[in-house]
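The values are calculated or read from the model by the stated rules, or taken from the named source; none is laboratory data. Just so we're clear, the structure is a prediction, and the values are computed from it rather than from any experiment. Here the Cβ positions follow ideal geometry from the backbone for every residue, glycine too, while neighbour counts run over all protein chains shown.
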Amino acid sequence: MTTEQKQLVTATVPVLREHGVLLTTHFYQRMFTHNPELKHVFNMGNQQNGKQQTALAMAVLAYAEHIENPAVLMPVVNSIGHKHTSLDIRPEHYAIVGKHLLASIAEVLGDAATPELLDAWAAAYQQLAAIMSGHEQHLYAAQVSKNAGWTGWKPFLVKQKIKESAEITSFYLYPADGGAVADFVPGQYISLRLFLPELNLLQPRQYSISCAPNGAYYRISVKRETGASHPDGMISNRLHHHIGEGDVVELSAPAGTFTLNKNTARPKVFISGGVGQTPLMAMLEALLNKQVVTPITWVHGCRSEAVHAFKDRLHELAGAYSHLNHHIFYDQPEIPTKHTGRVDLSEIKTTVLQPDADYYICGPAPFISKHYGFLVENGVDTTAIHFEEFGPASLQLNN
């Protein structure tokens with residue numbers, strides 16, 4: 001890109017701050033109108049609830065703000081790249097997206113979209129596409145270099161379907177060809193794809209792997225969405241109501257950057273809300289399997305005992321491992337309990353705040369923001385706090 005082109009892109013930052021979601025909403029509508037086959041690739045639930053439009057608007061704004069030095073965005077590029085490889089995004093998809101993004105800029109900005117501005121954004125997009133697709137090719141290569149690794153979609157057999165609570169059910173997924181499963185890092189997710197008759201579409205969804213690596217299967221633990229009549233809950237509910245033992249589903253290879261720190265000697269504090277505990281269960285089991293005696297603090301919150309998945313498993317582990325300390329908060333406890341209400345780290349401050357600990361938070365965005373803020377206010381370095389927000393990213397707490 002020329003200096004003049006970078007200046008033109010930078011000049012659009014105020015517009016993107018104010019009207020970014022308007023632009024991305026127009027873009028998605030345009031793209032799905034002209035390329036409806038991409039509806040099989042994108043999560044249409046996130047289209048309906050507006051999360052994807054917001055996430056893209058934030059990403060475009062961040063890129064424009066850092067056009068002089070896009071290398072600072074590599075952590076974000078890496079995270080998005082993992083999501084893209086889990087959805088089998090390929091270079092040809094970038095060409096389609098670029099065409100519709102540039103057309104949307106012209107259509108939304110009208111006369112303000114001068115030929116020079118459109119040329120600048122075309123160059124900027126080509127630069128971004130080259131960065132993204134190049135990084136994703138490295139991720140694809142890393143996947144296939146693993147034992148039993150693959151790219152794209154692979155059939156898996158549901159061998160066990162186990163109810164973990166009133167709302168959450170676990171699915172044990174084995175390769176349909178009877179082979180081994182590719183290894184993964186605790187905290188990663190897989191994409192699962194099903195055909196939805198209601199939409200006449202294939203639809204992918206990401207689910208955290210909720211067990212430690214074992215060489216035989218992946219386990220996902222899925223929450224049933226009560227009353228969900230829109231695409232956001234359709235895959236989860238279809239798994240609960242229509243997919244049983246013996247059925248086949250399609251999976252992409254494990255991906256994700258919210259992973260367990262390999263330095264297992266540091267104390268670990270896991271903080272989760274609701275189904276957000278699933279990636280943390282994989283981390284917890286992996287740590288305990290290593291038999292490394294490091295302090296582990298488990299903090300979890302949900303409505304009641306009835307919806308508390310892995311409750312018995314946690315008590316079993318806590319009884320077997322003296323270095324595992326756990327605190328459970330119930331909004332509506334069925335019997336008197338030590339912690340009532342939402343998770344409040346100030347109640348267990350002396351237990352949670354530990355020197356040199358790694359903190360892992362997973363749950364809804366407000367849950368993450370609340371506990372991230374508490375930790376920072378109490379002197380925890382932001383580099384020690386790791387979090388994952390389910391769905392398209394909307395939090396930028398580490399910036």
Seminar exercise, completed: The correct count of residues that are more than 28 Å from residue 78 (Cα to Cα) and not aromatic (Phe, Trp, Tyr) in the stretch 158-199 is 21
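Which one of 274, 246 is on the phi > 0 side of the Ramachandran plot, more than 20 Å from the chain's Cα centre (by Cα) and not aromatic (Phe, Trp, Tyr)? Talk me through it step by step, then tell me what you get.
On the way: 274 fails: more than 20 Å from the chain's Cα centre (by Cα).
That would be 246, the only listed residue that is on the phi > 0 side of the Ramachandran plot, more than 20 Å from the chain's Cα centre (by Cα) and not aromatic (Phe, Trp, Tyr).
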Seminar exercise, completed: Taking first residues from the stretch 53-80 that are over 18 Å from residue 94 (Cα atoms) and in the same structural domain as residue 128 (by TED's automatic domain parsing) and second residues anywhere that are of a type in the set (Val, Ile, Thr) and modelled with pLDDT under 90, the pairs with Cβ under 8 Å that are 6 or more apart or on different chains are 62/76; 66/72
For this session: Could you please find all residues in the stretch 1-59 being closer than 17 Å to residue 99 by Cα, over 24 Å from the mean Cα position of the chain (by Cα), hydroxyl-bearing (Ser, Thr, Tyr) and buried (at least 16 other Cβ atoms within 10 Å of the Cβ)?
Result: none
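Specify which of the listed residues (96, 105) is surrounded by fewer than 20 Cβ atoms within 10 Å (Cβ to Cβ), in contact (Cβ under 8 Å) with a residue 60 or more places away in the chain and over 21 Å from residue 205 (Cα atoms). Talk me through it step by step, then tell me what you get.
Working: 105 fails: surrounded by fewer than 20 Cβ atoms within 10 Å (Cβ to Cβ).
Selected residue: 96, the only one of 96, 105 that is surrounded by fewer than 20 Cβ atoms within 10 Å (Cβ to Cβ), in contact (Cβ under 8 Å) with a residue 60 or more places away in the chain and over 21 Å from residue 205 (Cα atoms).
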Exercise. Which of (1) at pLDDT 95 or above; (2) within 30 Å of residue 205 (Cβ to Cβ); (3) surrounded by fewer than 17 Cβ atoms within 10 Å (Cβ to Cβ); (4) not hydrophobic (A, V, I, L, M, F, W, C) does residue 364 not meet, given it meets every other one?
Worked result: (1)
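Would you please name the residue that is farthest from residue 256 (Cα to Cα), looking only at residues in the stretch 64-116 that are polar (S, T, N, Q) and in a helix (DSSP H, G or I)? Before you say what the answer is, go through the steps one by one.
Taking the stretch 64-116 as the starting set, the residues that turn out to be polar (S, T, N, Q) are 69, 78-79, 85-86, 104, 114.
After this cut, where a residue has to be in a helix (DSSP H, G or I) as well, the list is 78-79, 85-86, 104.
Values: 78: 9, 79: 7, 85: 10, 86: 9, 104: 30 Å.
The qualifying residue farthest from residue 256 (Cα to Cα) is 104.
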Exercise. Do you know which of the residues in the stretch 279-294 that are touching a Lys or Arg at 6+ places or on another chain (Cβ under 9 Å) and crowded, with 21+ Cβ neighbours inside 10 Å is farthest from residue 330 (Cα to Cα)?
Worked result: 287
For this session: Under 9 Å between Cβ atoms, at least 6 apart or on separate chains: pull out the pairs that start in the stretch 351-365 with a residue that is at positive phi and end on any residue that is surrounded by 19 or more Cβ atoms within 10 Å (Cβ to Cβ) and of a type in the set (Gly, Ala, Ser).
Result: 363/272; 363/273; 363/274; 363/276; 363/301
Exercise. How many residues, within the stretch 367-394, are out of contact with any Leu (no Cβ under 9 Å at 6 or more places or on another chain), among the charged types (D, E, K, R) and buried (at least 17 other Cβ atoms within 10 Å of the Cβ)?
Worked result: 1
For this session: Please go through the stretch 275-300 and pick out each residue that is modelled with pLDDT of 95 or more and of a type in the set (Gly, Ala, Ser).
Result: 282
